[in-house]
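Peer 1: Can you read through this structure? Questions will come right after.
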Amino acid sequence: PSLNKVILMGNVGQDPKIIQFENGKKLATFSLATSRRYKDGEGNLVEQTEWHKVRFNNEKAELVERLIKKGALVTIDGSIRYDSFNKDGVEIHTTNILATNFEIKAFPKRVNPEEQAEGQSGEDA
């Protein structure tokens, strides 16, 4: 048996980018920042931020498009995907999180109350 499961909580780095394909399906992508704090060898507090590329497909992409904005604090779960493609004769490798669910923990200040009332979760029922 094996398991490929990722759970992240962090801040959305920019408004999601939405791609709609000819068949009507959508892909939503955004970056998610997670940070950790630790003390270095001299006792100084250091904060290290990691940026994760997050992707949502289809119906979840539509929810992401409506609900997630830059600055939101979200929890996502999904799996790690390693992809590669050829660009100008060079093979490019990427690491993405293919997310299946999300929960908004805090909205950015620019979201108005009507949008907050629409729904706060992209979890499967």
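The values are calculated or read from the model by the stated rules, or taken from the named source; none is laboratory data. Remember, it's a predicted structure, so these values are computed and weren't measured experimentally. Neighbour counts run over all protein chains shown; Cβ positions are idealised from the backbone, glycine included. Note: areas computed on protein heavy atoms with side chains; ligands, DNA, RNA excluded. Shrake-Rupley method; radii C 1.70, N 1.55, O 1.52, S 1.80 Å.
Peer 1: Find how many whole Å separate the alpha carbon centroid of segment 53-87 from the alpha carbon centroid of segment 1-52.
Peer 2: For segment 1-52 versus segment 53-87, the Cα centre distance is 9 Å.
Peer 1: Additional query: Using a 1.4 Å probe on the protein heavy atoms, what percent of the accessible area of segment 1-49 belongs to carbon and sulfur? Intermediate results must be reported in sequence, preceding the final value.
Peer 2: On the way: 1780 of 3700 Å².
The C+S portion of the solvent-accessible surface of segment 1-49 is 48 percent.
Peer 1: OK, next. Dipole of the chain, Cα-centred, from +1 at each Lys and Arg C-beta and -1 at each Asp and Glu C-beta, to the nearest 20 debye? Before the final figure, lay out each step's value.
Peer 2: Numbers: 18 positive and 19 negative charges, 36 e Å.
In debye, rounded to 20, the chain gives about 180.
Peer 1: Given the Cα atoms of segment 17-65, and with Rh set as the inverse mean 1/r over their pairs in the Kirkwood sense, what is Rg to Rh to two decimals? Intermediate results must be reported in sequence, preceding the final value.
Peer 2: Working: Rg = 17.4 Å, Rh = 13.0 Å.
Here the Rg-to-Rh quotient is 1.34.
Peer 1: If you don't mind, another one. Give me the 1.4 Å probe accessible area per residue for the chain, excluding ligands and nucleic acids, in Å². Display every interim value, and only then the final one.
Peer 2: Values: 8520 Å² over 125 residues.
Ligands and nucleic acids excluded, the result is 68 Å² per residue.
Peer 1: For segment 2-118, list log₁₀ I(q)/I(0) at each q in 0.09 Å⁻¹, using the Debye formula over Cα point scatterers of equal strength and ignoring solvent, two decimals each.
Peer 2: Per q value, in the given order, log10 I(q)/I(0) is -0.31.
Peer 1: Could you work out how much longer the chain between THR49 and GLN20 gets when fully extended? Use 0.36 nm per residue separation minus the Cα distance between them, nm to one decimal.
Peer 2: Details: separation 29, 0.36 × 29 = 10.44 nm, distance 3.06 nm.
Stretched out fully, the THR49 to GLN20 stretch lengthens by 7.4 nm.
Peer 1: For the pairs LYS5/LYS109; LYS60/LYS105; LYS39/LYS109, flag any whose C-alpha to C-alpha distance is greater than 25 Å. All intermediate terms of the calculation are to be shown ahead of the outcome.
Peer 2: Working: LYS5/LYS109 31 Å; LYS60/LYS105 17 Å; LYS39/LYS109 31 Å.
Going by Cα-Cα distance, LYS5/LYS109; LYS39/LYS109 fall outside the 25 Å limit.
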